[in-house]
Amino acid sequence: MAMRILGSERYTSRPIDPAEFVRELPDSLALHTVAPEAADGLDPLTYEVVRHRLWSVTDEMGETLKRMSGSTIVTDANDFDFAISDELGQEVQVGLYNTMLVGAVDLAIYWVLRNREVREGDMFLCNDPWIGGGLHQNDVIVFQPVFHEGKLFAWTSAVCHEMDLGGVGLGSFSPAAQDVFAEAVPTPPVKVVRDFELQDDIADLWVRRSRVPMLVGLDLRAKIGANTVARSRLLSVIEQYGADTVKAVMKRMMSDAESRLRARLRSLPDGTWSATGYQDQAFTGDRGVYKITVAMTKKDGHLTFDFTGTDKQAGVINCAYGGMRGGVMLALLPILAHDIPWSAGGLMRCFDLVSEEGTINNATFPAALNRAPIGPAWLTGSLVTECLAQLLDRSDDLIDNVRANCCGTHDTAVLAGLDQRGEQDLPFIHIVMDVMAAGYGARPTVDGLDTGGLACIPMGRIPDVEMNEYAHPLLTLWRREEPDSGGPGRRRGGLSGSAAIMPYGTGEPVGLVVASSGKAVSQNNGIAGGYPGNTAIGIIARGAGVDAAFAGGRLPDSLESLGGDQELRPCYEETVVGVDDVLYLHWQGGGGYGDPLHRDPADVAVDVSQGRVTVDGALEGYGVVLVDGSVDAAATARRRDAERTRRRDRSHSVEEPAHVVDVAEGRRLDDNLVEVDAAVACRHCGRALGDARHGNVLRLARFEGPSSAAGRQVTSDPELYVDAEIVFRQLCCPGCWTAVYSGIVPADHPDHALDIGRLLSPSNSR
């Protein structure tokens, strides 16, 4: 049961109504604003020039942060973001880095305006996720008010993930935590700069909590530097164009983003679409499965995301309100707003959130939030991605924006110990960022990007192996793409990768914290019958004998080539990696789009020739027979027919007379389904599958079997991780046996795919 702390309500923040919010602020705080007609009266040339100047300010903030930080999380992986906000804190311009942070930055500013005295020359530091600025305590924001002629004109902010801020676990990850008190201390906004001077007492208090105080201190100064640059550049723009003009541009940027997104939504049919996803395990030793569920309703130019029914907060797999909001933005920005300037303050006016407090993605204090951004917030974004895919797949104009899920999480692995390569032993902490090279989900027209990165960090990178080895006493035996890891489909999901890492340059065991998910259930779902990408796996090879292999002139290049005992790791644990041990991580690829039996065999042959799919993977996953690298067309046709027969024989079929309709004039619903006169039919064989006038359930054949039936991308048995029954569920057209849905889910997973209402507009589904 969630514990309630008296007075914790003070340390929360929520979105504002601007008109009401202004009335809450003290009269002593003078605000600079302009009338709405000022924004409407801007000439187009001035608007575009100033808008791009503001964009360049945020870009320079990012470059400043990267040049001053000493953390590879910032300098190499780009896990940070920044923003310019208006006088109330509404985000005008955000960066292209960690987009989930967009959902929390403004919340911290709203809280400060309500609860702190704001003066020129102040900068605030905060890592309290319930207040905002970041999604968990390791996301630390430094933000400042910018005044012009005595009036509060704007805010700038810079936020990045810190390597370690104390707490029980290495890197502040405590996989056994049951509440926030085992984690890094959440700090409400405090003035770290007053009258443009760094407050040494606050800075000392801040860095003292960390296992790597020098890195944390350097990042603090880097964020102060980024804000200092932003203030200088913003005041220069004001001096050149005038305060009223610049403010009018800021207001119009938000209103333009809002109006363009609302116009896009109005071009799409109204309706409600649902999705449910899971996290496996919530803390060390746990064997549960925990769900987040969402119903997305689109009405006119507005979206409502209703998370009612999501499980109660548990273990470390929770996020606060800002994480839920950030998860929505993770999906909305690239999918619906890909060609709209990311003025988040305007875009976020286009949706509402409905959620019960005390749940996984709207957790109340003092829930543990270790996994907030890379667990529940990420899963929230994945589910919104699924809902948006259902909405957009019927749109001729926006079909290229449909995307299966990318990797479902960031597999956290924190290594820490003593670096003994120099004259004295020095502590080190390394968060493995190789896992950012994950697979993107497939789209209707193209395959997913292989090791394309993370959907939440559009400009993300992985550190060079050489940089990792230079900075830490570690050796990478291999880091590579893994064949067959992308979800099979008519369009294949992007491949994931694997890495094998061992201590090198230390004679002491290295501590390891693991916090992961997607090992029993799929978090990288395919759509329109596409299969999920691979399940994740982690292994420690104990006594691997690498030094002996080196001495014998051999470089281990696979798990099979390593000696010793290979131990499968759970989702959450703390352990050690000995000096002769090897840590192996294989993270998630992207989901597929469409039935893999509809993939062009020539594309499969190309995949095999380029090492993306194995010969066995081509046969088992796609039904493609290759002879000396070339497609055997006749054998492939026979193999695919045999696979369809196998689907028929193993499924619970629909015992109703077959009715075939003419689909030539039908309206596309997705890769497999069309609408014909308020009925849903298979677009491949014309089999009528449901009629809104005679029920709300599609008549599809159903198969449930072991998760391994999904294919070679399933890396281990779910029973090793969870107690719940996990199945491979497939729903097929009973006429041609095309896969309409394919997923690895708990046996009690709701059948959203059978709902006719999600497919037809309200006027046809009555």
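Quickly estimate the mean residue ellipticity at 222 nm for the chain, helices only: each DSSP H run with n ≥ 4 gives -39500 (n - 2.57), and the total goes over all residues, rounded to 500.
That comes out to -8500 deg cm²/dmol.
Can you tell me the FRET efficiency between Arg266 and Ser561 if r is taken as the Cβ-Cβ distance and R0 is 60 Å, rounded to the nearest 0.05? Please list the in-between numbers first.
Numbers: r = 58 Å, r/R0 = 0.97.
For R0 = 60 Å, the calculated efficiency reads 0.55.
How much length would be gained if the chain were fully extended between Asp632 and Thr445, taking 0.36 nm per residue of separation minus their Cα-Cα distance, in nm to one decimal?
Separation in residues times 0.36 nm, less the Cα-Cα distance, equals 64.8 nm.
Mind putting a number on the dipole of region 180-321 about its Cα centre? Charges go on the C-beta only, +1 for Lys and Arg and -1 for Asp and Glu, and I need it in Debye to the nearest 20.
380
I'd like the carbon and sulfur percentage of the solvent accessible area for region 624-766, probe radius 1.4 Å, heavy atoms only, ligands and nucleic acids excluded.
48
Just flag the GluC sites (Glu not before Pro) in region 395-491 sitting in loop per DSSP whose Cβ has no more than 16 other Cβ atoms within 10 Å. Provide the component values of the computation, followed by the final result.
Details: sites: Glu423, Glu466, Glu469, Glu481; in loops: Glu423.
Answer in residue order: Glu423.
Below 8 Å, C-alpha to C-alpha, sequence gap of six or more: please give me the relative contact order for region 28-186 in percent.
Across region 28-186, relative contact order equals 20 percent.
May I ask you to order 361-368, 41-48, 179-186 by the average number of other C-beta atoms within 10 Å around their residues, highest value first?
361-368, 179-186, 41-48
Taking R0 as 22 Å, what's the FRET efficiency between Glu120 and Arg23 from their Cβ-Cβ distance, rounded to 0.05?
Working: r = 23 Å, r/R0 = 1.05.
After rounding, the FRET efficiency stands at 0.45.
Toward the positive end of the charge dipole of the chain, about the Cα centre and with charges on Cβ (Lys, Arg +1; Asp, Glu -1), which of Leu265, Gly439, Ser382 goes farthest?
Farthest towards the positive end: Leu265.
Once every Cα of region 508-581 carries one equal point scatterer and solvent is ignored, give the base-10 log of I(q)/I(0) from the Debye formula at q = 0.12, 0.15, 0.16 Å⁻¹, two decimals.
Each listed q maps to, in turn, -0.47, -0.66, -0.72.
Taking 0.36 nm per intervening residue step and subtracting the Cα-Cα distance, what contour gain separates Leu426 from Asp464 on full extension?
Additional length available on full extension: 11.5 nm.
Return the Rg/Rh value of region 691-730, two decimal places, where both radii are evaluated on C-alpha atoms and Rh is the Kirkwood radius.
For region 691-730, the value is 1.20.
Can you pick out the pairs among Lys251/Lys291; Lys151/Lys223; Lys191/Lys519; Lys66/Lys191 whose Cα atoms lie more than 32 Å from each other?
Lys251/Lys291; Lys191/Lys519
Residues with amide H under 5 Å of Gly271's amide H, sequence separation 5 or more or different chain, H placed in the peptide plane at 1.01 Å from N; which?
When sequence neighbours closer than 5 places are left aside, the close amide H contacts are Lys298.
How much length is gained on full extension from Arg221 to Glu239, taking 0.36 nm per residue of separation minus their Cα-Cα distance? Intermediate results must be reported in sequence, preceding the final value.
Numbers: separation 18, 0.36 × 18 = 6.48 nm, distance 2.68 nm.
Value of the extension gain: 3.8 nm.
Relative to the Cα centre, what is the charge dipole magnitude of the chain, using +1 at the beta carbon of each Lys and Arg, -1 at the beta carbon of each Asp and Glu, and rounding to the nearest 20 debye?
So the dipole magnitude of the chain works out to roughly 1380 debye.
Taking the dipole about the Cα centre of the chain, with the C-beta of Lys and Arg at +1 and of Asp and Glu at -1, give me whichever of Ala38, Val674, Met250 is farthest to the positive side.
Val674
Suppose every K and R has +1 on its Cβ and every D and E has -1 on its Cβ; what is the size of the dipole of region 5-70 about the Cα centre, in Debye to the nearest 20?
The calculation lands at about 400 debye.
In whole Hz, with x marking every Gly and Pro, tabulate ³J(HN,Hα) for region 726-743 from phi via Karplus 6.51 cos²θ - 1.76 cosθ + 1.60, θ = phi - 60°.
10, 10, 8, 10, 9, 10, 10, 5, x, x, 10, 6, 6, 6, 9, 8, 9, x
Among Thr645, Pro657, Ser609, pick out the residue whose Cα is farthest towards the positive end of the charge dipole of region 520-663, where Lys and Arg carry +1 and Asp and Glu carry -1 on C-beta, about the Cα centre.
Looking along the dipole axis, the top candidate is Pro657.
Taking the alpha-carbon centroid of each part, what is the distance from region 669-737 to region 335-391 in angstrom?
Rounded to whole Å, the Cα centres lie 27 Å apart.
Rounded to a whole number, what is D in µm²/s for region 1-154 from Stokes-Einstein with the Kirkwood radius over alpha-carbon pairs (10 °C, 1.306 mPa s)?
For the chosen part, D equals 93 µm²/s.
With Kirkwood's inverse mean 1/r over C-alpha pairs for Rh, give me the Rg to Rh ratio of region 355-498, two decimals please.
Checking Rg against Rh, the ratio lands at 1.07.
Using only Cα positions of region 212-305, each an equal point scatterer, no hydration layer, compute I(q)/I(0) via Debye at q = 0.12, 0.25 Å⁻¹ and quote the log10 values to two decimals.
-0.86, -1.18
Counting alpha carbon pairs within less than 8 Å and at least 6 residues apart, what relative contact order, in whole percent, applies to region 271-367?
31
Given a 1.4 Å probe and every protein chain left where it sits, what share in percent of the accessible area of region 324-445 is carbon and sulfur? Don't skip to the end; give the middle numbers.
Values: 1320 of 2840 Å².
Carbon and sulfur: 46 percent of the exposed surface of region 324-445.
For Glu573, what residues show an amide H to amide H distance below 5 Å, using hydrogens built from the backbone and excluding near sequence neighbours?
Val514
Quick one: in the chain, what % of C-alpha pairs are over 49 Å apart?
17
Output wanted: per-residue J couplings in Hz (rounded whole) for region 473-485, from phi through Karplus 6.51 cos²θ - 1.76 cosθ + 1.60, θ = phi - 60°, x for Gly and Pro.
With the stated coefficients, region 473-485 comes to x, 9, 10, 9, 6, 7, 9, 7, 6, 10, x, 6, 8 Hz.
In whole percent, and with a 1.4 Å probe on the protein chains, what portion of the accessible area of region 500-545 is carbon and sulfur?
About 54 percent, which is the carbon plus sulfur part of the accessible surface.
Would you kindly calculate the translational diffusion coefficient of region 593-682, applying Stokes-Einstein with the Kirkwood radius from alpha carbon pairs, for 25 °C and a viscosity of 0.890 mPa s, and quote it in µm² s⁻¹ without decimals?
161
The values are calculated or read from the model by the stated rules, or taken from the named source; none is laboratory data. This one's a predicted model, so the numbers in the text were calculated from it and none came from an experiment. Using ideal geometry, Cβ is built from the backbone for each residue, glycine included, and neighbour counts are taken over all protein chains shown. Heads up: the accessible areas ignore ligands, DNA and RNA and are worked out on the full protein's heavy atoms, side chains in. Shrake-Rupley method; radii C 1.70, N 1.55, O 1.52, S 1.80 Å.
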